[in-house]
Structure formats: structure tokens, C-alpha cells
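Written below as C-alpha cells is the structure these notes are about.
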Amino acid sequence: DVDLFHSPADAIGSVANYLAAHGWAEGPILLEATVTRDPTPLLSGGLALDRTIAELRAAGVVVEGAGDDARARLFKFDGPSGPEYRVGLQNFYVITRYNRSPLYARAVTELAASY
């Protein structure tokens, strides 16, 4: 029997199965970005990956680490020194299927990268 409350392996396996069922694939999750123009038009519309990396670049987003055809979305976070921009990719979107908060998905991504 699966025991999500007392078995760390079962709990982790459950989350892994959930992520896989929602489209998790090998690859980057969240990329640092710099904006060279007003990003406001790119920041509305929720969590959907509504543009490609190429479209973001054409709109003034400087980002490395994903191919031009990758589906993506620009996110703005409050940082200690002002706005911080990140580009979420497929796996970032998948994390937001588990918890719809972009801040949660960023925290999960950064915590995982530290291990």
C-alpha cells in the first residue's frame, strides 16, 4: 500500500508521477532573463506558455539556455534590488499545475538546484 504520510519514498514518488503525467520532460525549468524594452505586454495572461523563446527575444528579452522554438513565458519577481525577470519553460509550467503560484514554482526550482 502507498503511505503518503509515513513513507518519504511514497510521497516523492507520488509527486514525481503527478509531474510526469502533466508533461515533465528533461530540460531547463526557469531561466534568468534581462529585458531591454518595456516588458508589460509580455507579463499579462496568466501561466500559459504563450510565446516562443524567439518571440520573447524579438520583444527585447535577453535569455540563454533554450532553443528558439521552445514555448515560454516571461515572469517578473520582486527582488532585493528591484524587479527580477525569469523565463519559464515547460517544466516550470508543469510545476504550476501542482501549485499555481509562480513564486512557489520558482522556490521549488531554486531549492532543487541547490542540491
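Taking the square roots of 5 times each eigenvalue of the Cα gyration tensor of the chain, largest first, gives ellipsoid semi-axes of 29, 15, 12 Å. Dividing the summed helix terms, -39500 (n - 2.57) for each DSSP H run of n ≥ 4, by the number of residues in the chain produces a 222 nm estimate of -10500 deg cm²/dmol to the nearest 500. In this structure the chain gives 62 Å² per residue of accessible area when probed at 1.4 Å with all protein chains present.
Taking amide H as placed 1.01 Å from N in the peptide plane, residue 51 has its amide H under 5 Å from the amide H of 72, each at least 5 places away in sequence or on another chain.
Close amide-amide hydrogen proximity is noted between residue 62 and 34, 35, 36, each under 5 Å apart and 5 or more residues distant or on a separate chain (H modeled in the peptide plane; Pro and chain starts excluded). Loop-resident GluC sites (Glu not before Pro) (DSSP state other than H, G, I, E or B) in segment 38-99 with no more than 15 further Cβ atoms inside 10 Å of their Cβ: 64.
Once Lys and Arg get +1 and Asp and Glu get -1 on their Cβ, which of 98, 44, 79 lies farthest toward the positive end of the dipole of the chain? Positive-end residue among those listed: 44. Measuring r between the beta carbons of residue 81 and residue 17 and using R0 = 35 Å, the FRET efficiency lands at 0.35. Within segment 10-65, the trypsin sites (Lys or Arg not before Pro) that combine a DSSP coil assignment with at most 11 other C-beta atoms in a 10 angstrom radius are 37.
List the DSSP H helices in the chain whose Cα atoms stretch 15 Å or more along the helix axis and whose mean Kyte-Doolittle hydropathy is at least 0.0. Correct list, ordered by number: 8-21, 102-113. Protein heavy-atom surface of the chain, 1.4 angstrom probe: 56% of the accessible area is carbon and sulfur, with nucleic acids and ligands not counted.
Along segment 55-68 the Karplus relation, 6.51 cos²θ - 1.76 cosθ + 1.60 evaluated at θ = phi - 60°, assigns HN-Hα couplings of 5, 5, 4, 5, 8, x, 9, 9, 8, 10, x, 8, x, 4 Hz to successive residues, with x for each Gly and Pro.
The values are calculated or read from the model by the stated rules, or taken from the named source; none is laboratory data. Quantities reported herein were computed from a predicted structural model and do not represent experimental measurements. Counting neighbours? That spans all protein chains shown, and the Cβs are built from the backbone with ideal geometry, glycine included. Remember, those area values only see protein heavy atoms, side chains included, never the ligands or the DNA or RNA. Shrake-Rupley method; radii C 1.70, N 1.55, O 1.52, S 1.80 Å.
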